[in-house]
Amino acid sequence: MDSRVSELFGGCCRPAGGGAGAALRGRGGAAPGSSGGSKTKKKNGRSRGGKANNPPYLPPEVSSGGRRLKLVNPSQYRFEHLVTQMKWRLQEGRGEAVYQIGVEDNGLLVGLSEEEMRASLKTLRRMAEKVGADITVLREREVDYDSDVPRKITEVLVRKVPDNQQFLDLRVAVLGNVDSGKSTLLGVLTQGELDNGRGRARLNLFRHLHEIQSGRTSSISFEILGFNSKGEVVNYSDSRTAEEICESSSKMITFIDLAGHHKYLKTTIFGLTSYCPDFAMLVVSANTGIAGTTREHLGLAMALKVPFFIVISKVDLCSKATVERTVKQLERILKQPGCNKLPLLVNSDDDAVTAAQQFAQSPNITPIFTLSSVSGENLDLLKVFLNILPPLTNSKEQEELMQQLTEFQVDEIYTVPEVGTVVGGTLSSGICREGENLVVGPTDDGKFLRLKVCSIQRNRSACRVLRAGQAATLALGPFDRSLLRKGMVMVSPEMNPTICSVFEAEIVLLFHATTFRKGFQVTVHVGNVRQTAIVEKIHGKDKLRTGEKAVVCFRFIKHPEYLKIGAKLLFREGVTKGIGHVTDLQAITTKENGLEESLGPGQLSF
């Protein structure tokens with residue numbers, strides 16, 4: 001059926017494994033259909049005159065996804081049953097589901113007449129109103145059928161109206177070489193105004209004077225783009241403040257704008273490892289192609305297993321041939337054995353819908369957009385893609401994380417007048433509430449400090465409860481800022497945090513000019529931890545060369561850190577680079593460092 005779906009929905013859909021019609025899991029999968037093309041036509045003929053037009057029972061919810069042949073005048077019992085299913089799907093999809101009308105449960109494209117489709121959409125709208133959601137027609141296509149009456153299939157996005165600030169939040173890290181147009185693109189998306197060709201759109205994103213003067217990002221900044229329950233864009237063109245954007249949105253995209261210059265590579269790596277982005281957007285300039293740090297940023301996203309899509313910017317500056325050359329250059333790199341990706345060039349709304357659904361299902365799919373921040377060419381395609389892009393985790397995984405003890409990564413530290421010390425970061429697990437008592441550490445001597453969370457802000461608006469996976473800033477009141485540093489964790493007092501100075505990791509040496517041996521010093525990135533470590537021992541070998549694997553023992557040279565077994569690790573020193581994961585910790589127990597129960601507010605535990 002895949003080829004048939006491609007013909008129906010834009011031609012860019014070339015799924016790598018799994019087929020186009022996977023299980024719903026709260027979204028309804030991608031473009032309808034999952035069986036072979038030759039079978040489809042034979043079965044289509046039987047479907048029309050047989051039970052397809054009059055289904056005697058409600059199909060099971062497992063592999064059927066959001067497919068519905070038709071929803072014409074259901075009985076009250078069937079209607080209530082359909083509403084219950086919709087609630088379940090919205091819960092599974094964390095507030096989103098995609099329904100495919102006119103498609104059988106086994107993926108056969110049967111289609112509906114105009115009257116039947118109108119009645120089905122009316123029923124779906126009633127169902128959505130019952131659960132407090134809105135529906136948006138994503139796309140519809142006619143089915144080539146042996147009938148004089150035209151028959152259609154329609155794909156509909158159902159999105160729940162936000163309640164209690166529980167909008168769906170996706171984090172997208174923005175990567176790319178310096179001067180590729182990253183900040184300008186974010187400025188255009190979040191401000192709602194096109195650029196003037198001289199960088200006006202990016203001025204609101206910069207945090208420092210030297211960034212405005214040079215036009216180059218050197219720090220990590222956050223920008224938000226909202227979508228309401230009807231799929232309409234909510235940004236600063238409609239709203240004055242971030243709080244208004246949050247109130248009007250049921251889905252929020254938080255862009256993490258990272259530095260492109262090689263001089264600020266450590267800041268870019270820290271943004272990728274500590275802020276836990278769901279996706280990455282690699283921006284490539286059409287006129288320069290793959291240059292500078294583009295390959296390096298691509299490698300970082302792959303090493304950290306962050307799904308990424310590509311945006312080719314500045315197409316207004318180049319000829320069509322130049323843009324095509326850049327696309328071919330990217331496709332060649334993506335198809336290489338080390339990358340093994342399947343590029344999908346997005347040229348229409350249908351392509352954007354298909355790309356978003358396939359991208360979430362298969363890690364091998366890499367959508368490619370070509371757009372301009374000055375003329376606005378194809379900018380709407382990127383917005384359609386971001387609107388439909390589903391979360392990577394479902395509600396069950398989210399619930400499991402929330403049931404664990406509280407753990408908050410400290411990524412940023414500020415002092416705010418009349419508020420006091422404020423820390424920014426991501427809640428890795430558990431739930432954090434206003435007024436909650438936590439402990440923070442480890443300090444330079446491996447101890448933990450007691451503190452109280454005075455207030456919480458998420459996306460610059462007040463929030464009473466923070467849930468696992470969400471990023472926020474926490475106000476700590478009069479707590480002494482000098483006792484805090486990036487890389488610390490704030491955890492529940494009941495937790496027995498594992499801190500260590502010595503740990504082992506299974507690594508792959510990606511590149512080293514000579515040999516990697518005992519005594520070599522590297523900068524290690526593990527989550528929000530960034531510190532220099534020395535190689536204490538290489539198990540089973542005296543030295544390593546480029547491409548070799550080994551279990552290596554590292555020792556932090558300054559102070560102990562909070563690590564977990566299995567955490568992804570990335571290390572670098574000059575041109576030397578390697579990746580791996582933590583396999584063992586030589587833990588320093590809390591008994592050796594003083595129990596947190598003995599701590600006073602803002603005091604070290606001795």
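The values are calculated or read from the model by the stated rules, or taken from the named source; none is laboratory data. Predicted, not measured: the structure shown is a model, and the values here were computed from it. In this analysis, Cβ positions are derived from the backbone assuming ideal geometry, glycine residues included, and neighbour counts consider all displayed protein chains. Protein only, heavy atoms only, side chains kept; ligands, DNA and RNA dropped before computing areas. Shrake-Rupley method; radii C 1.70, N 1.55, O 1.52, S 1.80 Å.
From most to least packed by mean Cβ count within 10 Å, the peptides 516-525, 310-319 give 310-319, 516-525.
Once the convex hull of all Cα atoms in the range 68-168 is built, its volume per residue stands at 97 Å³. Note on LYS122: accessible area approximately 130 square angstrom, rounded to 10, probe 1.4 Å, nucleic acids and ligands left out.
Normalised by the number of residues in the range 396-491, the mean separation of alpha-carbon contacts (under 8 Å, six or more apart) gives a relative contact order of 37 percent.
Sorted by mean Cβ packing within 10 Å, highest first, what order do the peptides 220-229, 321-330 take? Provide the component values of the computation, followed by the final result.
Numbers: 220-229: 22.5, 321-330: 16.0.
The packing order, highest mean first, is 220-229, 321-330.
Normalised by residue number, the volume inside the convex hull of the Cα atoms of the range 228-380 is 136 Å³ per residue.
For the range 499-586, lysine pairs separated by 8 or more sequence positions, or belonging to different chains, with Cα-Cα distances below 23 Å total 24.
Where both residues lie in the range 168-392, what percent of DSSP beta bridges are antiparallel, nearest 5? Bridges in the range 168-392 that DSSP calls antiparallel: roughly 25 percent. For a paramagnetic label modelled on LYS568 (point 7 Å from Cα along Cα→Cβ), amide N atoms under 18 Å away belong, within the range 342-363, to 342, 359-363.
Considering only SER75, VAL103, MET117, the residue lying farthest towards the positive end of the dipole of the range 66-160 is SER75, judged by Cα position with unit charges set on Cβ.
Counted residue by residue at 0.36 nm each, then reduced by the alpha carbon distance between them, the extension gain from VAL465 to THR532 reaches 20.6 nm.
The calculated FRET efficiency for the pair SER75 and SER113, based on their C-beta separation and a Förster distance of 22 Å, comes to about 0.55. A quarter of the convex hull surface defined by the alpha-carbon atoms of the range 316-365 gives 4.1 nm² as the mean projection. Overall, the range 499-586 carries a charge dipole of about 180 debye about its Cα centre when +1 sits on the Cβ of Lys and Arg and -1 on the Cβ of Asp and Glu, all other atoms neutral. For the range 69-83, backbone phi angles converted through the Karplus equation (6.51, -1.76, 1.60; θ = phi - 60°) give residue-by-residue couplings of 5, 7, 10, 8, 6, x, 5, 4, 5, 5, 4, 5, 5, 5, 5 Hz, Gly and Pro being listed as x.
Extension gain, ASP542 to ASN347: 0.36 nm times the residue separation minus the Cα-Cα distance gives 64.9 nm.
Charge tally for LYS541 (other residues, Cβ to Cβ under 11 Å; Lys, Arg +1; Asp, Glu -1): +4. Maximal additional length on extending the ILE333-VAL416 stretch stands at 25.3 nm, based on 0.36 nm per residue less the C-alpha distance. When TYR562, TYR236 are compared by accessible surface with a 1.4 Å probe, the order from highest to lowest is TYR236, TYR562.
Taking max minus min of the alpha-carbon positions on each principal axis, the range 396-491 gives extents of 39, 32, 20 Å, largest first. Pair-distance distribution P(r) for the range 499-586, from all Cα-Cα distances in 10 Å bins starting at 0: 19, 60, 20, 0 percent. Note on ASP351: accessible area approximately 10 square angstrom, rounded to 10, probe 1.4 Å, nucleic acids and ligands left out.
Each of ASN528, ILE538, ILE557 was scored by the projection of its Cα onto the charge dipole of the range 503-559, and the greatest displacement toward the positive side belongs to ILE557; charges sit on the C-beta of Lys, Arg, Asp and Glu.
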